[in-house]
Amino acid sequence: MKLHYSPASPYVRKVNVCAEELGLAPRIEIVPTKVVPSEPNREYGKVAPLMKVPSLELDDGTVLFDSIVICEYLDSLAGGKLFPAAGDARWKALRLHALADGILDASILARYENFLRPAELRWQAWTQGQLAKVDQGLDFLEGCAGELKGLDIGSISVGCALGYLDFRYGDRDWRGKHPKLAAWFEAISKRESFRRTVPKA
């Protein structure tokens, strides 16, 4: 299997954490892939039409995207360890996953606005609207921090989202208003899967 990869992508990190936890990392070849919204990678587009990372090329040539699909595929190879099969556990895990991805979507859009868009075209009200989503997501997670028990796709996704905030928004001090979440993140960050996949510029 080939994973199209960017070392800064939190979605790639989510896949890599899952692969590490499932013991599948040795079976995956990492393929560095440049993706920038303002510079479409047309060659990569022949593999992944949305030109986003991650994508996973299977041995039979099938290409999977995006991160949640890839994570669930890897989990199926390992017998289903990170995606609860049914009941409350499944819906709680998927809800946490959706919230974490929403935090990531908003934080990445805000970063694009302030680092890729020309300065004279930047829209600060729009940026603040995206960051409000991040803050409200963190507030929600603080209120349900008790659900972050064990390891599943929900907790992995939340951990990757918080790691991205540290990576790109270290000056915003999300920990100050979210002590329960901060304590949980400190603990999960000690797992080898998270230590091996810290994002890089």
task: Tally the DSSP beta bridges in the chain and give the antiparallel ones as a percent, rounded to 5.
output: 60
statement: With every protein chain in place, the accessible area of residue 4 for a 1.4 Å probe, in Å² rounded to the nearest 10, comes to 20
- prompt: At each listed q (0.19 Å⁻¹), what is the log10 of I(q)/I(0) that the Debye formula gives for the chain modelled as equal alpha-carbon point scatterers?
  reply: -1.44
- request: Would you work out what percent of the accessible area of the chain, with all protein chains in place, is carbon or sulfur (probe 1.4 Å)?
  value: 53
- request: Could you give the size of the charge dipole of the stretch 49-201 about its Cα centre, using +1 on the Cβ of each K and R and -1 on the Cβ of each D and E, expressed in debye and rounded to the nearest 20?
  value: 440
- request: With the convex hull built on the Cα atoms of the stretch 110-200, state its orientation-averaged projected area in nm².
  value: 6.5
query: Which percent of the Cα-Cα distances in the stretch 114-162 go past 14 Å?
result: 63
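Which value, in Å², gives the accessible area per residue of the stretch 91-201 when a 1.4 Å probe is used on the protein heavy atoms? The partial results should precede the final answer.
Numbers: 6000 Å² over 111 residues.
For the stretch 91-201, the solvent-accessible area averages 54 Å² per residue.
With all protein chains present and a 1.4 Å probe, how do 115, 185 order by accessible area, largest first?
Values: 115 130, 185 15 Å².
My answer, sorted largest first, is 115, 185.
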query: If we count every other residue with Cβ under 14 angstrom of residue 37's Cβ, Lys/Arg +1 and Asp/Glu -1, where does the sum land?
result: +2
- prompt: If you project the alpha carbons of the stretch 23-135 onto the principal axes, what extent comes out on each, in Å, largest first?
  reply: 51, 40, 21
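The values are calculated or read from the model by the stated rules, or taken from the named source; none is laboratory data. If you're wondering where the values come from, they're calculated on a predicted model, not measured in any experiment. Neighbour counts run over all protein chains shown; Cβ positions are idealised from the backbone, glycine included. The protein model used for the area step is the full one, side chains on, heavy atoms only, and it has no ligands, DNA or RNA in it. Shrake-Rupley method; radii C 1.70, N 1.55, O 1.52, S 1.80 Å.
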